[in-house]
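> Before anything else, here's the structure in question.
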Amino acid sequence: MIALNPKHSVAHLLPGIATYERDEDAVAAEAEILKAVELAPQSKWVRYYLGDIYRKEGRTNEAAAMYEQALAIDPDFEAAQKRLAALKAMSKLHLMKPPGYLEFLNLMANARLVLTDSGGIQEETTILGVPCLTLRENTERPVTVTRGTSTIVGCDPQRIVSEALAILDGKYKAGRVPVEATA
């Protein structure tokens, strides 16, 4: 066992991280890491790890503040730059509880684009005439690709983004409702 000096920030940072990882106790972890912040106000890492706990707990504003503080200490801190950029990108997403079927159909009907791995959703977007990116390498509903509005993009992030941007720019196949879907 290693004895750590309680007046050193590491004596609080490490147990705080371990408490969160082992026990998922965010309150106890935060308390320990805040002690480390007091002891090492110029430590970018202490703020970074506290930001990570906030992020994992869904406390995005507090996480962003910690990453910004870490970057104020070291503007070239790449890990904090990446975390902060990801949080800012996620702030543009609207998270909601799972809707009922009719509400979900309404959301799809009014969407400019749907991303899915569901064959059923591929069929519904084709019938609704909404562009759909299928996040799989193949589909059990090939008619949604050959005649419908679905495009298989797999799981490659660059291809997904590229195809999504093209659709949002108005460059997508119109598709049509296959006869089989109306029979």
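The values are calculated or read from the model by the stated rules, or taken from the named source; none is laboratory data. This is a predicted model, so every value here is computed, not measured. Positions of Cβ are generated from backbone atoms using ideal geometry, with glycine treated the same way; all protein chains shown enter the neighbour counts.
> State which residue is surrounded by the most Cβ atoms within 10 Å (Cβ to Cβ) when the search covers only segment 119-160 and only residues that are among the β-branched types (Val, Ile, Thr) and in contact (Cβ under 8 Å) with a residue 40 or more places away in the chain. Can you show your working first?
Filtering segment 119-160 down to residues among the β-branched types (Val, Ile, Thr) leaves 121, 125-127, 130, 134, 139, 143-146, 149, 151-153, 160.
Cutting the leftovers down to in contact (Cβ under 8 Å) with a residue 40 or more places away in the chain gives us 126-127, 160.
Numbers: Thr126: 24, Ile127: 18, Ile160: 15.
Of everything passing the filter in segment 119-160, Thr126 is surrounded by the most Cβ atoms within 10 Å (Cβ to Cβ).
> Mind checking which residues of segment 25-44 are more than 24 Å from Leu93 (Cβ to Cβ) and either of a type in the set (D, E, K, R) or within 23 Å of the chain's Cα centre (by Cα) (or both)?
Within segment 25-44, Asp25, Glu30, Glu32, Lys35, Glu38, Lys44 qualify.
> For the list (1) surrounded by fewer than 18 Cβ atoms within 10 Å (Cβ to Cβ); (2) over 30 Å from Ala111 (Cβ atoms); (3) at pLDDT below 80, I need the number of the one condition that Val27 fails.
Among (1) surrounded by fewer than 18 Cβ atoms within 10 Å (Cβ to Cβ); (2) over 30 Å from Ala111 (Cβ atoms); (3) at pLDDT below 80, Val27 violates only (3).
> If you don't mind, there's one more thing I want to ask. Quick test for you: out of Ala63, Ala79, Ala85, Ala70, pick the one residue that is assigned to a helix (DSSP H, G or I), under 21 Å from Ile160 (Cα atoms) and in the same structural domain as Pro41 (by TED's automatic domain parsing).
Going through Ala63, Ala79, Ala85, Ala70 in turn, just one is assigned to a helix (DSSP H, G or I), under 21 Å from Ile160 (Cα atoms) and in the same structural domain as Pro41 (by TED's automatic domain parsing): Ala85.
> Oh, and also: Is one or more of the residues making up segment 78-90 among the aliphatic types (A, V, I, L, M) and closer than 26 Å to Pro6 by Cβ?
Checked segment 78-90: no residue is among the aliphatic types (A, V, I, L, M) and closer than 26 Å to Pro6 by Cβ.
> Which residue, of Leu107, Leu165, Leu135, is aliphatic (A, V, I, L, M) and in contact with a Cys (Cβ under 7 Å, 6 or more places away or on another chain)?
Leu135
> Further question: Within segment 35-64, which residues are surrounded by fewer than 16 Cβ atoms within 10 Å (Cβ to Cβ) and within 22 Å of Asp76 (Cβ to Cβ)?
Residues satisfying the conditions are Pro41, Gln42.
> Exactly one of these conditions fails for Pro6: (1) assigned to a helix (DSSP H, G or I); (2) surrounded by fewer than 18 Cβ atoms within 10 Å (Cβ to Cβ). Give me its number.
Checking Pro6 against (1) assigned to a helix (DSSP H, G or I); (2) surrounded by fewer than 18 Cβ atoms within 10 Å (Cβ to Cβ), the one that fails is (1).
> Filter segment 80-112 down to the residues that are touching a residue at least 24 places away in the same chain (Cβ under 8 Å) and surrounded by 16 or more Cβ atoms within 10 Å (Cβ to Cβ), then identify the one that is farthest from the chain's Cα centre (by Cα).
Top of the filtered list is Ala80.
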